[in-house]
Amino acid sequence: MTTHENASKPAAVKRDARPRGARSPLASFGLHATLVVASVIAVFPVLWILLTSLKPAKYAISTDFVKEPTLSNYSYLLEDSHFLSWFWNSVLVAGVTTVLGVFIAATTGYAVSRFKFPGMKPLMWTLLITQMFPMAILIVPLYNLMGELGLLNQPLGLIITYLTIAVPFCAWMMKGFFDTIPVEIDESGRVDGLNPFGTFWRLILPLAKPGLAVTGFYAFITAWGEVAYASAFMVGEENLTLAGGLQTFVTQYTSNWGAMSAASVLIAIPAAVFFLFAQRHLVAGMTAGATKG
């Protein structure tokens, strides 16, 4: 082997070597292609519902993306149906559920995180066990209970029901989040003369914004998009929430897909707005709440 060949070999090896963790062009293309396909699959149903809401009734189930676009479905929804009543009922139920759910979960999580009291472990086990029961099993006993209390067909009945779903999970999450906040902050509050609730309200709660954002978002989505309890507990078109109201557009004989698609678009707007306000806290809150149990 000549000296020239020996000198050229290391140079060739050096040119072909890639930094650790670097992908080849083929692997990079495959990754980006997969991400593009996944994005299209995720976006397509939402886009299709939006386009369907802009089609006349006769083209509602056609495969054309845009066919004689019109806003008639939205005008029918807002003027000739009880959509505004359903919307208000859902806003009332979801709003009260979110506020009460966050407050109860935060106070419960803080008490369990900071204090030792009789029945603490049974309380946390009870909150955990309630999450193990499927929703379908609880509909009948909750229906009977709400009937005995006179809360059927009342927003308060739905609010109490949704709180039983949201609070146990949110309380566990808030406990994990409060565990990550140093106890020295509580001690400094007591030194300054604050009582336990004052310490919680003025010092700990402002530091818990990410956790509050997560629990608030969960409580809101639980009440905003739930269907089973809303359909079973509420009757009469004016008393329905959005989840129950949408079912009136599909009967045994007719299906108003245009109005249902328009309603779906309008229903998604509040959830999207709530998410936009809470998104900067969501990742931090979920991560912090999962670090310590």
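Show me the ranking of peptides 264-273, 162-171 by mean Cβ neighbours inside 10 Å, starting with the highest.
By packing density, highest mean first, the sequence is 162-171, 264-273.
Measure of size requested: the Rg and Dmax of the range 82-291, with Cα atoms as the atom set and Å as the unit; please supply both.
Reported Rg and Dmax, both Å: 19.4, 70.
Which helices count as membrane-span-like in the chain under these terms: full DSSP H, at least 24 Å along the axis by C-alpha, Kyte-Doolittle mean of 1.6 or more?
Helices passing the filter in the chain: 25-53.
With springs only between Cα atoms under 10 Å, which of LEU246, LEU149, LEU92 fluctuates most in a Gaussian network model of the chain?
So, out of LEU246, LEU149, LEU92, the one fluctuating most is LEU149.
Charges only on Cβ, +1 for Lys and Arg, -1 for Asp and Glu: so what's the dipole of the chain about the Cα centre, in debye to the nearest 20?
About 1340 debye.
Sort 116-122, 220-226, 27-33 by the packing proxy (mean of other Cβ within 10 Å over each peptide's residues), most packed first.
Highest mean packing first, the order is 220-226, 27-33, 116-122.
When only Cα pairs under 8 Å and 6 or more residues apart are kept, what is the percent relative contact order across the chain?
Relative contact order comes out at 29 percent.
VAL183 to ALA33: extension gain in nm, 0.36 nm per residue of separation minus the Cα-Cα distance?
Gain on extension, VAL183 to ALA33, equals 49.2 nm.
Given C-alpha coordinates of the range 109-229, what is the ratio Rg to Rh with the Kirkwood estimate of Rh?
Over the Cα atoms of the range 109-229, Rg/Rh equals 1.05.
Taken together, the values in this text are just the output of simple stated rules run on the coordinates, not laboratory data. Computed from a prediction, not measured in an experiment: that's the story for all the values here. Methodologically, a virtual Cβ is constructed for each residue, glycine included, from the backbone with ideal geometry; neighbour enumeration extends over all protein chains shown.
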